[in-house]
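Below is one structure; the comments refer to it alone.
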Amino acid sequence: MEEIARNFTNTSDFLSQRQFDEHIKLYKGYVGKVNEITNSLISVEGRDKANATYSQYRGLKKGESYALDGMILHELYFQLLGSKEIEQGPLTAEILNDHFGGYDNWKADFIACGLSARGWAALIYEQRTASYRNILLDSHDDGLICGGFPLVIMDVYEHAYFIDYGTDKGRYINMFINSLRWDLVEKKVAAVNGL
């Protein structure tokens with residue numbers, strides 16, 4: 001089954017069309033690699049030679065998680081790009097109060113998370129501890145929490161902002177947060193709560 005790149009339009013007011021278009025090219029590259037790796041795994045020979053140090057199978061499986069996570073994380077990120085300030089819904093406000101001490105504390109922590117990350121910052125619901133956490137990922141497949149349900153995904157790789165913001169990562173992060181589609185986050189929080 002071939003994965004198809006989803007169509008996204010630049011609905012943000014803080015990213016130029018050029019920045020957005022270059023980012024979409026990268027995303028489509030991940031989709032292409034997911035298909036290439038999936039097809040290679042179907043016909044790979046030498047599974048009996050699989051090895052933890054090096055083998056063709058190991059390389060394909062490592063590439064699979066990296067490319068698949070890269071595809072999915074980008075899709076979650078593009079969905080959240082907004083163009084105006086939207087207030088958090090009541091469920092989201094409640095979890096930010098209960099788990100972070102309010103929106104301002106969550107925001108300060110999320111900014112710090114984004115500034116510290118090499119790849120992604122995320123607000124997730126973590127099922128094991130039934131808690132909401134900001135986490136950082138240094139790459140697509142480094143830092144994911146098993147069973148974590150993503151609510152907010154922010155790309156902080158340089159390719160996400162460098163055309164528009166240069167080295168001012170902090171300004172980009174603030175613009176992302178200020179334009180966040182809280183209406184979509186509210187739907188995810190409702191799903192976590194079974195509502």
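Stick to Cα atoms and the Kirkwood definition of Rh, then tell me Rg/Rh for the chain.
Result: Rg/Rh = 1.00.
Starting from 0.36 nm per residue, how many nanometres of slack lie between Leu26 and Ser40 once their C-alpha separation is accounted for?
2.9 nm
Farthest toward the dipole's positive end in the stretch 21-73, which of Ile24, Gln56, Ile72, given Cβ charges of +1 (Lys, Arg) and -1 (Asp, Glu) about the Cα centre?
Result: Gln56, furthest along the dipole toward the positive end.
Report, in debye and to the nearest 20, how large the dipole of the chain comes out about its Cα centre when Lys and Arg carry +1 and Asp and Glu carry -1 on their Cβ.
Around 380 debye, computed over the chain.
Over the stretch 90-192, one equal point on each Cα, no solvent: what is log10 I(q)/I(0) by the Debye formula at q = 0.18 Å⁻¹?
With no solvent term, the Cα-only Debye profile gives -0.85.
Could you list Arg171, Arg47 in order of exposure, starting from the residue whose Cβ has the fewest other Cβ atoms within 10 Å?
Placing the least packed residue first, the sequence is Arg47, Arg171.
With each pseudo-label sitting 7 Å past Cα toward Cβ, what's the Gln17-Tyr103 distance in nm, one decimal?
3.2
Any idea what angle helix 17-43 forms with the longest principal axis of the chain, computed on alpha-carbon atoms, 0 to 90 degrees, nearest 10?
Here the helix axis deviates by roughly 40 degrees.
Relative to the first principal axis of the alpha-carbon coordinates of the chain, what is the inclination of helix 56-79, with its axis defined by its Cα atoms, in degrees from 0 to 90 and to the nearest 10?
Once rounded, the angle reads 30 degrees.
Taking the Cα centre of the stretch 90-192 as origin and charging only Cβ (+1 Lys, Arg; -1 Asp, Glu), how large is the dipole, in debye to the nearest 20?
Computed about the Cα centre, the dipole is about 100 debye.
Please arrange Ser12, Ser40 by how many other C-beta atoms lie within 10 Å of their C-beta, fewest to most.
Ser40, Ser12
Give me the angle, in degrees from 0 to 90, between the Cα long axis of helix 103-116 and the longest principal axis of the Cα atoms of the chain, rounded to the nearest 10.
The angle comes out near 40 degrees.
Considering the dipole of the stretch 96-185 built from charges on the beta carbon (Lys and Arg +1, Asp and Glu -1) around the Cα centre, which of Ile163, Ser131, Phe110 is farthest to its positive end?
Comparing the listed Cα positions along the dipole, Ser131 ranks first.
All of the numbers you see were taken from the coordinates with simple rules; none came from a lab. Bear in mind that the values here come from a model prediction, so they are computed numbers and not experimental data. Cβ coordinates were reconstructed from backbone atoms using ideal geometry, including for glycine residues, and neighbour counts include every protein chain displayed.
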